[in-house]
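**Q** Take this structure, written in structure tokens, and hold onto it; I'll ask about it next.
The values are calculated or read from the model by the stated rules, or taken from the named source; none is laboratory data. Note that the coordinates shown come from a computational prediction; the quantities given were computed from them, not determined experimentally. Quick reminder, even Gly has a Cβ in these numbers, built from the backbone with ideal geometry, and neighbours come from all protein chains shown. Keep in mind that these areas ignore ligands, DNA and RNA; they rest on the heavy atoms of the full protein, side chains included. Shrake-Rupley method; radii C 1.70, N 1.55, O 1.52, S 1.80 Å.
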Amino acid sequence: MRYVCRVSAEAHKEVMKKTKAGAMEYQMEALFKYITYAESGCRFLSYTCICGSGPNSAILHYGHAGAPNARLIKEGEIVMFDMGGEYHCYGADISRSWPVDGKFSQAQCEVYTAVFDAQEAVMKAMKPGVSWPAMHRLADRVICETLKKFGYLQGDVDEMMKVFIGSLFMPHGLGHLLGLDTHDVGGYPEGYERSEEPGLRSLRLGTELKENMILTVEPGCYFIPFVLESAFKNPEQAPFLNEEKLRSMFNFGGVRIEDDVLVTADGIENLSSAAPRTIEDIEAWLAK
């Protein structure tokens with residue numbers, strides 16, 4: 001697992017450098033496949049690459065046969081690439097988001113900060129015995145706090161949590177077990193029931209963390225028009241939303257940061273840390 005996560009992270013780095021306006025999304029997918037196979041011996045991928053640019057970066061499982069990474073990448077956009085190699089049946093699952101132009105715009109920086117801060121908060125709190133559903137709600141809270149700071153949301157964050165504002169922007173689970181399958185088994189053993197609450201109902205792991213578990217930590221923030229249009233009409237949720245500012249983001253897409261993490265006795269080991277993750281590191285790498 002350490003090997004496949006490391007080489008997949010290194011391949012992400014090379015794709016970052018080659019992503020330019022005027023390229024097709026599928027060309028970046030092909031490059032990732034080439035690097036992981038030719039340089040690292042990963043004959044297969046652990047899943048179909050998700051190479052979303054611009055508004056496509058808000059499509060959670062983009063890249064399938066019906067939407068085959070076939071869009072032209074344009075100037076000024078952010079891209080979100082979710083890709084992982086497979087080595088001797090063990091798979092990686094890594095996502096990175098970065099600006100096509102090499103420098104984050106103000107809006108890109110704000111959204112990226114919300115996701116980064118959420119991932120940092122979760123990874124600092126992770127250790128054996130911690131509830132994974134509680135970590136999902138922690139990510140929700142941090143994203144709401146940061147979006148409020150930048151003017152996308154308004155009002156009391158505790159009240160936002162009661163009406164699941166965070167799930168409007170992160171409609172998927174925080175992460176899942178990883179190993180011989182991309183979404184590995186064991187997320188809901190006997191005695192654990194899947195929640196019906198927004199967000200948690202999409203969570204693939206409902207237990208407490210245990211030492212030596214490997215799982216993904218993948219918060220995201222997306223501006224999905226049909227989700228937000230519904231929220232604007234919801235009397236419980238609409239008061240917390242800055243509708244004018246959120247509508248201006250309808251073509252933005254989204255940001256996801258996903259790392260593959262080993263739970264240790266007193267914390268975690270990030271197995272995919274070779275891929276740049278901070279705004280400063282990403283911009284520095286793209287400038288080389």
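**Q** Quick test for you: out of S105, S131, pick the one residue that is surrounded by fewer than 22 Cβ atoms within 10 Å (Cβ to Cβ) and without any contact (Cβ under 8 Å) to a residue 40 or more places away in the chain.
**A** S105
**Q** Still on this structure, please answer the following. Return only the number of the condition from (1) modelled with pLDDT of 95 or more; (2) under 30 Å from K103 (Cβ atoms); (3) open to solvent by 60 Å² or more (accessible area, probe 1.4 Å) that K288 does not satisfy.
**A** (1)
**Q** Check the stretch 154-168 and report whether any residue there is more than 21 Å from F226 (Cα to Cα) and under 20 Å from the mean Cα position of the chain (by Cα).
**A** No, the stretch 154-168 has no match at all.
**Q** Check off (1) at positive phi; (2) buried (at least 22 other Cβ atoms within 10 Å of the Cβ) for F164 and give me the number that stays unchecked.
**A** Condition (2) is where F164 drops out.
**Q** Could you identify the single residue in L153, L174 that is of a type in the set (A, V, I, L, M, F, W, C) and closer than 21 Å to I268 by Cβ?
**A** None of the other options fit; the residue is L174.
Okay, residues lined up against (1) surrounded by 20 or more Cβ atoms within 10 Å (Cβ to Cβ); (2) of a type outside the set (S, T, Y); (3) within 30 Å of L180 (Cβ to Cβ); (4) touching a Ser or Thr at 6+ places or on another chain (Cβ under 9 Å):
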site: L215; (1), (2), (3), (4): yes, yes, yes, no
site: G220; (1), (2), (3), (4): yes, yes, yes, yes
site: P225; (1), (2), (3), (4): no, yes, no, no
site: P235; (1), (2), (3), (4): no, yes, no, no
site: F240; (1), (2), (3), (4): yes, yes, no, no
site: R247; (1), (2), (3), (4): no, yes, no, no
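**Q** Okay, next question. Would a scan of the stretch 112-125 turn up a residue that is in a helix (DSSP H, G or I), over 30 Å from K20 (Cα atoms), open to solvent by 10 Å² or more (accessible area, probe 1.4 Å) and out of contact with any helix residue (DSSP H, G or I) (no Cβ under 8 Å at 6 or more places or on another chain)?
**A** Yes, some residue in the stretch 112-125 is in a helix (DSSP H, G or I), over 30 Å from K20 (Cα atoms), open to solvent by 10 Å² or more (accessible area, probe 1.4 Å) and out of contact with any helix residue (DSSP H, G or I) (no Cβ under 8 Å at 6 or more places or on another chain).
**Q** Need pairs with beta-carbon distance below 8 Å; first residue among the aromatic types (F, W, Y) and within the stretch 1-24, second open to solvent by 50 Å² or more (accessible area, probe 1.4 Å) and not in a helix (DSSP H, G or I); sequence gap 6+ or separate chains.
**A** Once the first residue is among the aromatic types (F, W, Y) and sits in the stretch 1-24, its partners that are open to solvent by 50 Å² or more (accessible area, probe 1.4 Å) and not in a helix (DSSP H, G or I) give Y3/Y87.
**Q** Can you give me the number of residues within the stretch 66-87 that are without any contact (Cβ under 8 Å) to a residue 12 or more places away in the chain and farther than 13 Å from E29 by Cβ?
**A** Count: 1.
**Q** Criterion first (at pLDDT 95 or above, hydrophobic (A, V, I, L, M, F, W, C), under 29 Å from D266 (Cβ atoms) and in contact with a Cys (Cβ under 9 Å, 6 or more places away or on another chain)) does I165 satisfy it?
**A** Judged against the criteria, I165 is not a match.
**Q** Has the stretch 130-141 got any residue that is in a loop (DSSP other than H, G, I, E, B) and under 29 Å from I282 (Cα atoms)?
**A** no
Okay, residues lined up against (1) within 23 Å of T146 (Cβ to Cβ); (2) modelled with pLDDT of 95 or more:
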| residue | (1), (2) |
| --- | --- |
| A38 | no, yes |
| C42 | no, yes |
| P55 | yes, yes |
| H61 | no, no |
| G66 | no, no |
| G76 | yes, yes |
| Q106 | yes, yes |
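**Q** Being over 30 Å from H88 (Cα atoms), surrounded by fewer than 17 Cβ atoms within 10 Å (Cβ to Cβ), at pLDDT 95 or above and in contact with a Ser or Thr (Cβ under 9 Å, 6 or more places away or on another chain) narrows it down to one of E197, E159, E208, so name that one.
**A** None of the other options fit; the residue is E197.
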